[in-house]
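Here the structure is laid out as structure tokens; the discussion comes afterwards.
The values are calculated or read from the model by the stated rules, or taken from the named source; none is laboratory data. The model shown is predicted, which means the values in this text are computed figures rather than measured ones. Reconstructed Cβ throughout: ideal geometry from the backbone, glycine too, with neighbour counts over all protein chains shown.
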Amino acid sequence: MKAKPDPQDRRNDHEPSKLLDRRSLLAGTAGLGLGALLGAPPALAQHNHRTLVAEHDFTGTLSDRVYSVNPVHPEMADIAENPANVPPPIDRTEPATIDVELETIEVEAHLAHNSTFRFWTFNGTVPGPFIRARVGDTLNVTLKNHPDSWMMHNVDFHAATGPGGGAEATSAAPGEEKSFSFKALNPGIYVYHCAVPPVALHIANGMYGLILIEPEGGLPPVDKEFYVMQGEIYTNEPFGTSGLLTESYEKLLNERPEYFVLNGHVGALTDHYPLRANVGETVRIYYGVGGPNYASNFHVIGEIFDKVYQFGSFVSPPLESVQTVLVPAGGAVAVEFKCEVPGRYVLVDHALSRVERGLAGYLLVEGDAAPDIFDAPEEESE
Ligand SMILES: [Cu+2]
């Protein structure tokens, strides 16, 4: 039987010397005001807000401002998954057997402005790889737990029908390899995650991803597809602290995250991998919530979803013309819209306090202005 790892065990060593005093802690934070996201001057960003944003330097261009890549540990691994990493649509008309190879890897990596965290990952990224199959396919899953791991890991596919979604069948100690297979009976966009107890801890540390089971005939063609997942990170140290941050099991149980993130860490989808599209293109965003605890109120500032595949169902007809969509923890949606006006659009959870704790992503749309749809005076240069 698998051992239940004690979450209090084998904590990351924490060096008190890396903790700065409170003032420098706040100055070093990666906190980002919504006003800043929208291009408002710092004075507006500070409005009704603690000093998290007030002490930040907002000079420079918007693309090199707040979320700079870890200047303290520039060599640190980046676990962020590129949202453009979506396999192409399936053109098969018959079911097939597919090999899915996952490796669980624990790695200290960039978390925010000047901090790192020991992430637990599938294949070294958060979220793990986007897996694409077709209804009727048989998936042969192999899960290898890297020998350097401290913990046992496994994988539970919400797309699978069978005990634990494969969790028990794949529970692997460090250095072990396990496998199972399942047939994809239902189309949809599904979460997968590690389910070794305490499951919430394994998810919070980064062990989640999406698997798309295309319906027969596939999905309607679009110009660009993107892969985005929302998660929470529970650290002992307050938001914005410098250094190697350590996981807090107590805050996890109390559902009090210090960080909310898209694709793994603060700034992943603003500085590292903003989504990019051109005027005239249609985009589809697969948006999942790893959580483990908070549902999302997914919204793109300045856009309206032309179609929403609610709860990730491709069997029910999509909703049309939607501003904000609820995405449950352990759930996913697909949204589609046409990019009609160039500019920068911001992906948020519209529970907007979470922006202050790191959650934001950019969609950068390039192309000719469309004054018949949106017309505003040019910004004054300073
Ligand atoms: Cu795990």
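For (1) more than 25 Å from ARG134 (Cα to Cα); (2) part of a strand (DSSP E or B); (3) more than 16 Å from the chain's Cα centre (by Cα), each residue gets a yes or a no:
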site	(1), (2), (3)
VAL308	no, yes, yes
PHE314	no, no, yes
ALA332	no, yes, no
VAL335	no, yes, no
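No other residue among PRO215, PRO197 is away from the ligand (no atom under 15 Å from the Cβ) and either farther than 30 Å from ALA169 by Cβ or over 15 Å from the mean Cα position of the chain (by Cα) (or both) apart from PRO215. Among all positions in the range 68-87, there is at least one residue which is away from the ligand (no atom under 16 Å from the Cβ), more than 27 Å from GLY358 (Cα to Cα) and either modelled with pLDDT of 95 or more or in a strand (DSSP E or B) (or both). Looking only at the range 227-271, residues that are out of contact with any Phe, Trp or Tyr (no Cβ under 8 Å at 6 or more places or on another chain) and within 30 Å of ALA369 (Cβ to Cβ) come to 2 in all.
Taking the conditions (1) modelled with pLDDT of 95 or more; (2) within 23 Å of SER248 (Cβ to Cβ) in turn, GLY175 satisfies each one other than (2).
Does ALA376 count as of a type in the set (A, V, I, L, M, F, W, C) and modelled with pLDDT under 95? Against the criterion (of a type in the set (A, V, I, L, M, F, W, C) and modelled with pLDDT under 95), ALA376 qualifies. The residue that is farthest from ASN186 (Cα to Cα), among those in the range 134-162 that are among the β-branched types (Val, Ile, Thr) and crowded, with 16+ Cβ neighbours inside 10 Å, is THR142.
Among the listed residues PHE182, PHE226, which satisfies the condition of being within 30 Å of PRO318 (Cα to Cα) and either within 15 Å of the ligand (Cβ to nearest atom) or over 22 Å from the mean Cα position of the chain (by Cα) (or both)? So that I can check it myself, show each step before the final result.
Numbers: PHE226 fails: either within 15 Å of the ligand (Cβ to nearest atom) or over 22 Å from the mean Cα position of the chain (by Cα) (or both).
After applying the criteria, what remains is PHE182.
Within the set PRO318, PRO328, PRO292, the sole residue that is under 29 Å from ILE203 (Cβ atoms), modelled with pLDDT of 95 or more and buried (at least 19 other Cβ atoms within 10 Å of the Cβ) turns out to be PRO292.
Number of residues in the range 331-340 that are more than 17 Å from ALA159 (Cα to Cα) and surrounded by 20 or more Cβ atoms within 10 Å (Cβ to Cβ): the value is 3. Checked against the criteria, GLY166 does not count as closer than 17 Å to GLU103 by Cβ, within 15 Å of the ligand (Cβ to nearest atom) and more than 26 Å from the chain's Cα centre (by Cα).
I want to confirm something. Restricting to the range 295-306 and keeping residues that are more than 18 Å from the chain's Cα centre (by Cα) and not in a strand (DSSP E or B), which single residue is nearest to SER353 (Cα to Cα)? Filtering first and then ranking leaves GLY302.
Considering each residue of the range 230-251 in turn, none proves to be surrounded by fewer than 16 Cβ atoms within 10 Å (Cβ to Cβ), in contact with a Ser or Thr (Cβ under 6 Å, 6 or more places away or on another chain) and either small (Gly, Ala, Ser) or more than 23 Å from LEU102 (Cβ to Cβ) (or both).
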